[in-house]
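Take a look at the structure set out below.
Bear in mind that the values in this text are calculations on the coordinates, not laboratory data. As the structure is a prediction and not an experimental result, all values here were calculated from the model. As a convention, Cβ positions derive from the backbone with ideal geometry for all residues, glycine included, and neighbour counts pool all protein chains shown.
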Amino acid sequence: MTKPKARSPSTPHRPSRGNRDFRDRTKRSTRTTDSQSTRSTAPAGEAGAPPGIILKSGREKSLLRRHPWIFSGAIERIDGAPVSGNTLPVRDTTGNFLAWVACNPDSQITARAWSFNEAEKIDTEFFRKRIANALAARNELELARNSNGMRLIHAESDGLPGLIVDQYGDVLVMQIGSAGPERWRDTIADILQDLCKPVCIYERSDSDSRALEGLEGRNGVLRGKLPDNVAVIENGLRFSVDVAAGQKTGFYLDQRDNRALTGTLAADRDVLNCFCYTGGFSLYALRGGAKSVLSIDTSEEALQLAQRNLQLNGLDESRAEWRCADVFQALRTLRDQGRKFDLIILDPPKFAPTAAFAEKAARGYKDINLLAFKLLRPGGLLCTYSCSGGIGADLFQKIIAGAALDAGVDAQIVHYLHASADHPVLLSFPEGAYLKGLVLRVAG
Ligand code: SAH
């Protein structure tokens, strides 16, 4: 299938030019790598000092607020000769302990915190506890009601930076995005096998962002055997999931509740689903009684699977139209053809992984939303999303307001949306709230 789109907050894309002050201040040295490391290019700190990271004065503030990331620019020096994935203590300039981190000298996010408790040991037991906690929260709170597809571990927000685990029935898909969980990969797989007893743990550690961490891509079975057919049943709808070649870990679990909402809005409407992937929103709309559903995506493979999913659910094929096209072009074609819709869904890939990309991304969001507003009949609904970490909810709303203004429509927000509850957001890690959505009704 087409390239995976990482929607995880744990692997932000950063241009590689930063890091300069850090590099200038430290000498490079040759190091030996241990069996757990990927490569070793850490700048040296003080010879003979115990291994650890010392922050620049004043740069401890975010760690004190329990934000888990340390950027290279905050680091005074790294003592010892750590290799990627090693656990290190972080201290302020006066030697006070701040956190245990997984270090990655190859990444702009040079360290990610495992724990802020000096007494805590980062070992197998630590991972067992964190994983068990994440599983317990999902069970106790029924975070994925009415679905056997669920995000079991949501990286930083579950205290496990860089680690994503999605469940599709009795198959688990694990995605590692940073050096810490890479170092503990086998331990994590053993614990998951023990606690969840899946028939297969499949690894999809092949997102583009791994290169920024100096990690090679990996895609394959980690434990057990991959069944021929993997599927999730979500609110009674069955979706085939291609865990080996699909996007991300195979399915966009984060949109579960928003898809269900769409189903309740679709009756008797002509629906346009842009960036449809394997047909998530389309199938809910069809089941919800949509008059017609036109679905657009650039991925042939995704569209084929979408049509198979439609058949799997015995839905009326005559009301569904599938189009392999670039949405930016397709919306213009539809406008030129004078087509009109009553409900439009825009769920594009991540346009802005970080704030550095926000301006360009904003133009993209404005363009498709403006065109969508123009394609809506009076009283029509626009369900519009952004999964860009670099675009906050306020900015997103402003962009949509600008698009409505330029399209010459008045619109009201009727729903503020976010990722489903199995994608929790750690309070100290607002980056976890990457998915935001609005449902707007244009004036009748
Ligand atoms: N709404 C979907 C998930 C969408 S993911 C769900 O609920 O499952 C984003 C999709 O956008 C991917 O399928 C990707 O193939 C598609 N895509 C990316 N760029 C595109 C473009 N310019 N035009 C059309 N589709 C695009």
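Descriptive notes on the structure:
- If only the Cβ of Lys and Arg carry +1 and only the Cβ of Asp and Glu carry -1, the dipole of the stretch 308-386 around its Cα centre is close to 220 debye.
- D (Stokes-Einstein, µm²/s), Kirkwood Cα radius, the stretch 279-339, 0.692 mPa s at 37 °C: 272 µm²/s
- Positive-end ranking of Q311, G58, L427 along the dipole of the chain, with charges on Cβ about the Cα centre, is headed by G58.
- Spacing of the two label points (7 Å from each Cα toward its C-beta) at D190 and D326, in nm: 5.0 nm
- Charged side chains reduced to their Cβ positions (Lys and Arg at +1, Asp and Glu at -1) give the stretch 324-444 a dipole of some 340 debye around its Cα centre.
- Check: the stretch 225-315 dipole with +1 on Lys, Arg Cβ and -1 on Asp, Glu Cβ, in debye: 220 debye
- Calculated mean residue ellipticity, 222 nm, the chain: -8000 deg cm²/dmol, from DSSP H runs (n ≥ 4) at -39500 (n - 2.57) each, averaged per residue and rounded to 500.
- All lysines inside 23 Å of K129 as judged from Cα atoms, apart from same-chain residues fewer than 8 positions distant: K121, K197
- Rounded to whole Å, the principal axis extents of the Cα atoms in the chain read 73, 48, 35, largest first.
- When L303, L435 are sorted by how many other C-beta atoms sit within 10 angstrom of their C-beta, beginning with the fewest, the order is L303, L435.
- Proximal lysines relative to K56, as straight alpha-carbon distance under 19 Å, when same-chain residues fewer than 8 apart are discounted: K27
- Cα gyration tensor shape of the stretch 201-359, rounded if a/c is under 1.5, else prolate or oblate by comparing a/b with b/c: oblate
- Charge sum, other residues only, whose C-beta stays under 10 Å from R269's C-beta, Lys/Arg counted +1 and Asp/Glu -1: -1
- Net charge of Cβ neighbours under 14 Å - reference Y284; Lys, Arg +1; Asp, Glu -1: +2
- Packing rank of 70-80, 220-230, where each peptide gets the mean count of other beta carbons within 10 Å, highest leading: 70-80, 220-230
- Each residue, A393 and L64, gets one label point 7 Å from its Cα in the Cβ direction; the gap between the two is 2.8 nm.
- Rounded to 5, percent antiparallel among DSSP beta bridges of the chain: 70 percent
- Cα-based reach from K340 at 21 Å (exclusive), listing lysines while leaving out same-chain residues under 8 positions away: K291, K366, K374
- Computed from label points 7 Å out along Cα-Cβ, the spacing between A267 and N139 is 3.9 nm.
- FRET efficiency, R363 to K197 (Cβ-Cβ, R0 41 Å, nearest 0.05): 0.30
- From most to least packed by mean Cβ count within 10 Å, the peptides 261-271, 47-57 give 261-271, 47-57.
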